[in-house]
Amino acid sequence: MKSFYKILCLLLFFLSSCGHKNSDSVLIIEPYKINDRWYFDDPKTKLYREPFAGNIGLMFEDAASGIPDATNGFRLYFSSKEFPGYTMKLKWTRSKNKGNFYYSKKLDIEGWLCPALLKYYKTPPEYLYGKAEPKNKL
């Protein structure tokens, strides 16, 4: 069973490294925290120290709650489609200030994602699914 998960992780990594705006892909970023704010870097999309605003950080903290030292970075798999093992589900609620709000039913909070979302999707997906894992897990 462990080898199945290793193959799945490698496949997810391969799909995320393609750099296409494909709504069926599972993508990967590695959020990290500096001074109470979450950021990520993604050379494929030319995003560096891209900040996350407000409640999105609370959603990350919940998703990564079982990961030791997650503030120094963790791997976040995300997709507009359900994928095996997802633990986070966000529903699009509205657009505002060129970004998009997503609602977490589990946490009963809404968070805003900046226009950088459109570097990954042609249009804001109705749902975003996610899974957090330690950076060193493969």
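Here are the numbers for the structure shown:
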quantity	calculated
Straight-distance crosslink candidates among aspartates and glutamates, where the alpha carbon sits under 17 Å from Lys98 and sequence neighbours closer than 8 are dropped	Glu50, Glu110, Glu126
Net charge dipole size for region 92-138 [Lys, Arg +1 and Asp, Glu -1 on Cβ; Debye, nearest 20]	160
Computed Kirkwood radius, in angstrom, where 1/r is averaged over Cα pairs of region 63-138	13.3
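Each reported figure results from applying straightforward, stated rules to the coordinates on display, with no laboratory input. These figures come from a predicted structure and were not determined experimentally. No Cβ is skipped: glycine too gets one built from the backbone with ideal geometry, and neighbour counts run over all protein chains shown.
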